[in-house]
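Read the structure below first, then the notes.
The values are calculated or read from the model by the stated rules, or taken from the named source; none is laboratory data. Remember, predicted model here, so these are calculated numbers, not experimental data. We place every Cβ from the backbone using ideal geometry, glycine too, and count neighbours over all the protein chains shown. Areas reflect the complete protein model, heavy atoms only, side chains present, ligands, DNA and RNA absent. Shrake-Rupley method; radii C 1.70, N 1.55, O 1.52, S 1.80 Å.
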Amino acid sequence: MFLFEYMMKLLMGNSNTLFMGLIVVIFGYYGWLLWSINERLKNHLIDWDRQNDSLIDMKETVDKLDDSLYKELVNRLDEKKTEIEKIRLEIDKKSDDMDRYYNDIIGEIKESTDEIKEIMMILMNNRARGLRAEETVDLYRMIKEKQEADNYKKSN
């Protein structure tokens, strides 16, 4: 600041016209600077309006796309929902069929357990495979005698 004050005193002391010229140059520079800033601001506002218009157009386009996609997606979702409902009904039918088949199989197994037990008893009691024919006849005779003895005891 000292240098600026020194220059002012020097210019004021030598000539009033030189001082006035300096003041005019300073104010002229400030005027030109303000005019330049104003022009830049005008250009910027014009560009801003153009960009704002293009942004508004883009927003309208995106809104139209959103609306069409939304409607299309809702229709697709409804179709998929009905398809899923049909699939669920088919699965329920198949599950009922599977339950019925399961119960039928279990019932058949329960009915055939007695037959399986009889077959197993025959296989377990049939030792004739490893015995000779005479021993088999003796075994059958002994079994028959045992059964008759058991029946005699039951009757008494």
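Numerical summary
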quantity	calculated
Cross-link reach list, lysines versus LYS153, counting only Cα pairs under 16 Å and skipping chain neighbours closer than eight places	LYS144
List ILE84, ILE109, ordered by accessible area with a 1.4 Å probe, largest first	ILE84, ILE109
Candidate lysines - alpha carbon under 23 Å from LYS80, same-chain residues fewer than 8 apart omitted	LYS71, LYS93, LYS94
Accessible surface of GLU145 - all protein chains present, 1.4 Å probe, nearest 10 Å²	90
For LEU22, solvent-accessible area (1.4 Å; no DNA, RNA or ligand), Å²	50
Spacing of the two label points (7 Å from each Cα toward its C-beta) at LEU41 and LYS9, in nm	3.9
Extended-chain gain in nm, criterion 0.36 nm per residue less alpha-carbon gap, THR82 and ASP150	17.2 nm
